[in-house]
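Okay, so here's the structure we're looking at.
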Amino acid sequence: MAVLTEEQTMLRDAAKGWTQDSAPVGALRKLRDGGSKQSFDPAAWSEMGAMGWAGVIVPEEHDGSAFGYLGLGLILEETGRNLVASPLLSTALVAASALVLGGSDIQKAAWLPKIAAGEAVATLAVDEGAHHAPLNTALSAKTSGAGFVLSGTKTFVLDGDAADLLVVAARTSGAAGDGDGITLFLVPGDTPGVTRTHLALIDSRGAARIAFDGVQVGADAVLGEVDKGWAILEPVLDRAYAGLAAEMLGAATAAFEITLDYIKTRTQFGQVIGTFQALQHRAAKLFTDLETTRSCVEAALEAADAGSDTRLLASLAKGKASEVLHLASNEMVQMHGGIGMTDAHDAGLYMKRARVAEALFGSASFHRDRYARLSGF
């Protein structure tokens, strides 16, 4: 596991304190029961921007702190602990990474300061079906005069309802399944022809289906080079995998700790149930799985900070985090018994978040297959 610097420790502790005080699990319940279709609390997002969290990976020349992916991962882990609904992943990590890795000076200057300040929500629109399959991009981008016309649909776009900026993966040549021929475009959310449909997810957060009906953009909307967007999109997705894995690690750790506290105090048959050997074995396995997951997540984030090839480590982190959060959320419900099956307890919220996060940006099976393919197995 990584040895944190003093600054990283302070950042983690600050995130822990804020999420406990200002964004407990009860805030997610309030968002869920409020009747709105918002996928996050705008006031909480503004606070994150004021604390500098939205600009952790943004270069200093664009008003960020350039504190790195491990630093942002520490924050995501703490938000994961309390199931905080925010655009931190979609905006501060994924979209910001796309701009940092592939944006022109003009594109960076236009959007990164707004992202760093928490004044803009940005997201990546990549998937077009029920499963994560970025190479299957089919949304077309045809040349028209000096620009392009985008036609097609993206689905399960994180925070897509509220996004001021969409980073859209489109196909300018080739066929679905090809890496060559994918081009990334920066499309403001209010561009004519863009239609968003709210998708309510089981974890009480939101996503959007976004239709592009003859959306016209200029040549200056291209992020990177035409037909060569995969060279940017793949490392951006790797960072998304690692960042989401960090959030999932936080949720799994919280589920474990809440469950551990419960079995230390709950009595059954005249004994504290934590003294039952079967439960001790299950808790011990989950503890070791969490430690392994932490090592995988931190290795992936450190590789991103070092500018190394992140593909294997990112898939390892996301695949492992998916399996462990699935187990942790199941154990949380089962070990709590009847109360764990009720909406009054938080166990259901952790389980629902687990199921959405497992599917988001690729399931465990997707990442096992990717890891094997990249390793030459």
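Please give the length that would be gained between S140 and L374 if that part of the chain were fully extended, namely 0.36 nm times their separation in residues minus their C-alpha to C-alpha distance (nm, one decimal).
Extending this stretch completely gives an extra 81.5 nm.
Got a number for carbon plus sulfur as a percent of the chain's accessible area, 1.4 Å probe?
54
At q = 0.13, 0.22, 0.25 Å⁻¹, what is the base-10 log of I(q)/I(0) for the range 235-332 according to the Debye formula with one equal point scatterer per Cα and no solvent? Please give it to two decimals.
Log10 of I(q)/I(0), two decimals: -0.49, -0.97, -1.15.
Give me the count of lysine pairs in the chain whose alpha carbons sit under 20 angstrom apart, restricted to pairs 8 or more positions apart or on different chains.
Final tally of qualifying lysine pairs is 12.
Quick check: Cα centre of the range 146-203 to Cα centre of the range 64-141, how many Å?
If you average the Cα positions of each part, the centres end up 14 Å apart.
T155: net charge of surrounding residues, Cβ under 12 Å, Lys/Arg +1, Asp/Glu -1, itself excluded?
With Lys, Arg at +1 and Asp, Glu at -1, the net is +1.
Just checking my list (1) 36, 21, 20; (2) 49, 23, 17; (3) 32, 28, 18 against semi-axes √(5λ) of the Cα gyration tensor in Å computed from this structure; which label fits?
Among (1) 36, 21, 20; (2) 49, 23, 17; (3) 32, 28, 18, the one derived from this structure is (1).
I want to verify a result. In a Gaussian network model of the chain, Cα cutoff 10 Å, which of these has the top mean-square fluctuation: T19, T195, T275?
For the chain, modelled as a Gaussian network with Cα springs under 10 Å, the answer is T275.
Given the rule -39500 (n - 2.57) for each run of at least 4 DSSP H residues, summed and divided by the residues of the chain, what is its mean residue ellipticity at 222 nm, to the nearest 500 deg cm²/dmol?
Counting only the DSSP helices, I get -16000 deg cm²/dmol.
For all pairs of alpha-carbon atoms in the range 72-191, what percent lies in each bin of width 10 Å, listed from the first bin to the last filled one?
13, 41, 35, 10, 1
Between the alpha-carbon centers of the range 230-247 and the range 308-354, tell me the distance in whole angstrom.
After rounding, the separation between the Cα centres reads 20 Å.
Kirkwood hydrodynamic radius, the range 33-135, all distinct C-alpha pairs: what's the number in Å?
It is 14.2 Å.
Could you tell me the relative contact order of the range 193-310? Use alpha-carbon pairs under 8 Å, at least six residues apart, and round to a whole percent.
Once normalised by length, the contact order is 19 percent.
With the cut-off at 13 Å, report for the range 108-152 the share of all Cα pairs above it, as a whole percent.
That tail contains 69 percent of the Cα-Cα pairs.
Using a Debye calculation, one point per C-alpha and no hydration shell, please list log10 I(q)/I(0) for the range 271-377 at q = 0.14, 0.16, 0.24 Å⁻¹ in order.
The Debye formula, applied to the Cα set alone, gives -0.66, -0.80, -1.25.
Set the Förster radius R0 to 45 Å, insert the Cβ-Cβ distance between S46 and F269 as r into 1/(1 + (r/R0)^6), and round the FRET efficiency to 0.05.
Step by step, r from the Cβ atoms, then E = 0.30.
I'd like the antiparallel share, as a percent to the nearest 5, of DSSP beta bridges with both residues in the range 181-328.
Counting DSSP beta bridges with both partners in the range 181-328, the antiparallel share is about 90 percent.
Bin by bin, in steps of 10 Å, what percent of the Cα pairs in the range 181-283 do you find, going until the bin that has the longest distance?
P(r) over the range 181-283, rounded to whole percents: 12, 21, 25, 16, 11, 11, 4, 0.
Looking at the chain, do any whole DSSP H helices span at least 30 angstrom along their long axis by alpha carbon and average -1.0 or above on Kyte-Doolittle, and which?
230-263, 277-306, 311-336
Please grab the % of Cα pairs in the range 150-206 that end up more than 18 Å from each other.
Percent of Cα pairs beyond 18 Å in the range 150-206: 41.
Over the chain, give the accessible area per residue in Å² for a 1.4 Å probe, as an integer.
It amounts to 41 Å² per residue over the chain.
Simple spin-label model, 7 Å along Cα-to-Cβ: L101 to D190 in nm?
Modelled inter-label distance: 3.0 nm.
The values are calculated or read from the model by the stated rules, or taken from the named source; none is laboratory data. Everything numeric in this text was worked out from a predicted model, so none of it was measured. As a convention, Cβ positions derive from the backbone with ideal geometry for all residues, glycine included, and neighbour counts pool all protein chains shown. Calculation scope for accessible area: heavy atoms of the full protein, side chains included, ligands and nucleic acids excluded. Shrake-Rupley method; radii C 1.70, N 1.55, O 1.52, S 1.80 Å.
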